[in-house]
Amino acid sequence: MGQAPVVYGQSERPPRGDYTRAASDYTCAQNYAAYTETDHDTYRRLYARQSALLPGRASSEFIAALPALGPHERIPRFEDINARLMPATGWQVVGVPGLIPELDFFRLLAARKFPVTDWIRTPAEFDYIVEPDIFHDLFGHVPLLFNPVLADYVQRYGQGGLKADRLGAGEMLARLYWYTIEFGLIREPDGLRAYGAGILSSSGELVYSVESPKPQRLPLTVERAMRTRYKIDTYQPTYFVIDSLQQLFDLTEADFEPLYARLRGLPEYTADGQILAPGL
Ligand code: PHE
Ligand code: FE
């Protein structure tokens, strides 16, 4: 589900996209002529189902920003989205054939370029797809790139990723991405809401994450999120909750280098919150 590049390494299947089309930074032109009527219809139906589920479940910032994606009867053109997105926050979406290596992903984010997979799932994958497709990437991620606070957070995440790579801390930082940008929850005056793209693009998990009594919901701390492993093939057993997007920004402001050093000596948690003995 996640664009989190660690998924690239965890996937047992080769990625689906055609990587021969990609430039050396992994970006490619959106192959708009290749979309079939079925593809456009899949996008339209996914968008309709998902937008009907948003009230009472998606964060108010997300709901406010969603119309900026533009018409949803057909797959949008990246250039049309960029005509609105660039003036709003200086971000742009760029096409990619699918998941890309971690370092290239960080480089694009640091340059305020959000990689969007250009192909869409088949009708048989309507309810669930393992890899991110254009619907996950556009509907899940792009609306909040119109929000100035989240827009800055994602860029700083990319810059932090380049640093984490030098420090050998990529996995810890990938967990923070997973538990915020992909699966984050936010406490609003009217209740719990989702702001993470992996939740917002999934009909099942959008309902589950905010309404089910089963998962554990913890207040976000960077330390706990970085120590918590995650599952890519089930609903999350643990979610981390923030009070505002500004809080997310503030919690991640400090230099992570000393934190990485300290966390290396501490035990990790399983995705469902069991503490693991050191070294397991
Ligand atoms: N503060 C982090 C660092 O020093 C960078 C970062 C910012 C990482 C925001 C994630 C999100 O590495
Ligand atoms: Fe994603």
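Taken together, 170, 196 contain a single residue that is surrounded by 17 or more Cβ atoms within 10 Å (Cβ to Cβ) and within 12 Å of ligand 1 (Cβ to nearest atom), which is 170. Taken over segment 189-207, the criterion of being in contact with a Ser or Thr (Cβ under 8 Å, 6 or more places away or on another chain) and assigned to a loop (DSSP other than H, G, I, E, B) is satisfied by 195, 196.
Taking the listed residues 174, 169, the one that is aliphatic (A, V, I, L, M), within 14 Å of ligand 2 (Cβ to nearest atom) and at pLDDT 95 or above is 174, with no other qualifying. When 181, 186 are checked against the criterion of being of a type in the set (Val, Ile, Thr), touching an Asp or Glu at 6+ places or on another chain (Cβ under 8 Å) and either surrounded by 23 or more Cβ atoms within 10 Å (Cβ to Cβ) or not in a loop (DSSP other than H, G, I, E, B) (or both), a single residue qualifies: 186.
The set of residues in segment 105-133 being assigned to a strand (DSSP E or B) and within 16 Å of ligand 1 (Cβ to nearest atom) consists of 114 alone. Selection within segment 223-261: residues that are within 12 Å of ligand 1 (Cβ to nearest atom) and not in a helix (DSSP H, G or I). The member of this set that is surrounded by the most Cβ atoms within 10 Å (Cβ to Cβ) is 256. Among the numbered conditions (1) away from ligand 2 (no atom under 16 Å from the Cβ); (2) hydrophobic (A, V, I, L, M, F, W, C); (3) surrounded by fewer than 21 Cβ atoms within 10 Å (Cβ to Cβ); (4) not in a helix (DSSP H, G or I), the only one that residue 162 does not meet is (4). Only a single criterion out of (1) within 15 Å of ligand 2 (Cβ to nearest atom); (2) farther than 21 Å from residue 49 by Cβ; (3) of a type in the set (D, E, K, R) is not satisfied by residue 137, namely (2). The numbered conditions (1) over 21 Å from residue 147 (Cβ atoms); (2) touching a residue at least 40 places away in the same chain (Cβ under 8 Å); (3) within 16 Å of ligand 2 (Cβ to nearest atom) are all true for residue 226 except (3).
The values are calculated or read from the model by the stated rules, or taken from the named source; none is laboratory data. All values reported here derive from a predicted model rather than from experimental measurement. No Cβ is skipped: glycine too gets one built from the backbone with ideal geometry, and neighbour counts run over all protein chains shown.
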